[in-house]
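**Q** Below is one structure. I have some questions about it.
The values are calculated or read from the model by the stated rules, or taken from the named source; none is laboratory data. All values derive from a computational prediction rather than experimental measurement. Cβ sites come from the backbone with ideal geometry, for glycine too, and all protein chains shown count toward neighbours.
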């Protein structure tokens, strides 16, 4: 059993020098250790056993991660020759996760025809509540784009 997410990603070391096709097929897709299944099982559990209360191992609650997502993340990390990868359940979840890394006073330069949900989030929630400046710019107008940078 793995004690942390980094422990799980260490398994990708054996694929580092292999070609892309091999990494795509094998990284994160090893046969099941308990039953030997060669197709990754979809894990539907929402909660995971802990050695003691408040002492999770790799997984504690599905929203924070699960074996199925971890296999995908390992495969993605190997494909991109990265150490780790992080997957979210949707584009908006990914967007909000990244935006949480910004600080008061930062400035976002965003294409003006970005997905409507992203634009509403930036204009009505993030910018007014965080002090993060926002510029929505037509990226097809190269002069305006360059001046905005």
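**Q** Considering each residue of the stretch 27-46, count those that are exposed (fewer than 10 other Cβ atoms within 10 Å of the Cβ) and either touching a helix residue (DSSP H, G or I) at 6+ places or on another chain (Cβ under 9 Å) or under 16 Å from residue 72 (Cα atoms) (or both), and give that number.
**A** Selection size over the stretch 27-46: 5.
**Q** Go through (1) more than 23 Å from residue 88 (Cα to Cα); (2) at pLDDT 85 or above; (3) part of a loop (DSSP other than H, G, I, E, B) one by one and return the number of the condition residue 21 breaks.
**A** Only one criterion is unmet by residue 21, namely (3).
**Q** Sticking with this one: Taking residue 129 and the conditions (1) part of a loop (DSSP other than H, G, I, E, B); (2) surrounded by fewer than 13 Cβ atoms within 10 Å (Cβ to Cβ); (3) not assigned by TED's automatic domain parsing to the domain that holds residue 10, which numbered condition does it fall short on, given that it satisfies the others?
**A** Unmet for residue 129, out of (1) part of a loop (DSSP other than H, G, I, E, B); (2) surrounded by fewer than 13 Cβ atoms within 10 Å (Cβ to Cβ); (3) not assigned by TED's automatic domain parsing to the domain that holds residue 10: (1).
**Q** Does the stretch 14-26 contain at least one residue that is over 26 Å from residue 79 (Cβ atoms) and over 21 Å from the mean Cα position of the chain (by Cα)? I'd like the intermediate steps shown before the answer.
**A** Start the filter on the stretch 14-26 by keeping residues that are over 26 Å from residue 79 (Cβ atoms), which leaves none.
Taking every residue of the stretch 14-26 in turn, none turns out to be over 26 Å from residue 79 (Cβ atoms) and over 21 Å from the mean Cα position of the chain (by Cα).
**Q** Assuming residue 42 fulfils every condition listed in (1) assigned to a helix (DSSP H, G or I); (2) free of Cβ contacts under 8 Å to residues at least 60 places away in the same chain; (3) under 20 Å from the mean Cα position of the chain (by Cα) apart from one, which condition is it?
**A** The single condition residue 42 does not satisfy is (1).
**Q** Of these, 102, 134, which one is touching a residue at least 24 places away in the same chain (Cβ under 8 Å) and either in the same structural domain as residue 69 (by TED's automatic domain parsing) or more than 22 Å from the chain's Cα centre (by Cα) (or both)?
**A** Sole residue among the options that is touching a residue at least 24 places away in the same chain (Cβ under 8 Å) and either in the same structural domain as residue 69 (by TED's automatic domain parsing) or more than 22 Å from the chain's Cα centre (by Cα) (or both): 134.
**Q** Another question, if that's okay. Evaluate the stretch 113-120: report whether one residue or more is surrounded by 16 or more Cβ atoms within 10 Å (Cβ to Cβ), out of contact with any helix residue (DSSP H, G or I) (no Cβ under 9 Å at 6 or more places or on another chain) and over 30 Å from residue 12 (Cα atoms).
**A** Yes.
**Q** Determine if the stretch 50-58 includes at least one residue that is assigned by TED's automatic domain parsing to the domain that holds residue 134 and on the phi > 0 side of the Ramachandran plot. Don't jump to the end; show me each part of the working.
**A** Of the stretch 50-58, the ones assigned by TED's automatic domain parsing to the domain that holds residue 134 are none.
No, every residue in the stretch 50-58 fails to be assigned by TED's automatic domain parsing to the domain that holds residue 134 and on the phi > 0 side of the Ramachandran plot.
**Q** Here is a follow-up. Please verify whether residue 127 is closer than 30 Å to residue 22 by Cα, more than 13 Å from the chain's Cα centre (by Cα) and modelled with pLDDT of 90 or more, treating the condition exactly as stated.
**A** In short, no.
**Q** Moving on to the next point. Just to verify a result, which residue in the stretch 82-99, among those that are in a loop (DSSP other than H, G, I, E, B) and free of Cβ contacts under 8 Å to residues at least 60 places away in the same chain, is nearest to residue 20 (Cα to Cα)?
**A** For the stretch 82-99, the residue satisfying everything is 82.
**Q** Quick one: is residue 61 closer than 17 Å to residue 87 by Cβ and crowded, with 16+ Cβ neighbours inside 10 Å?
**A** In short, no.
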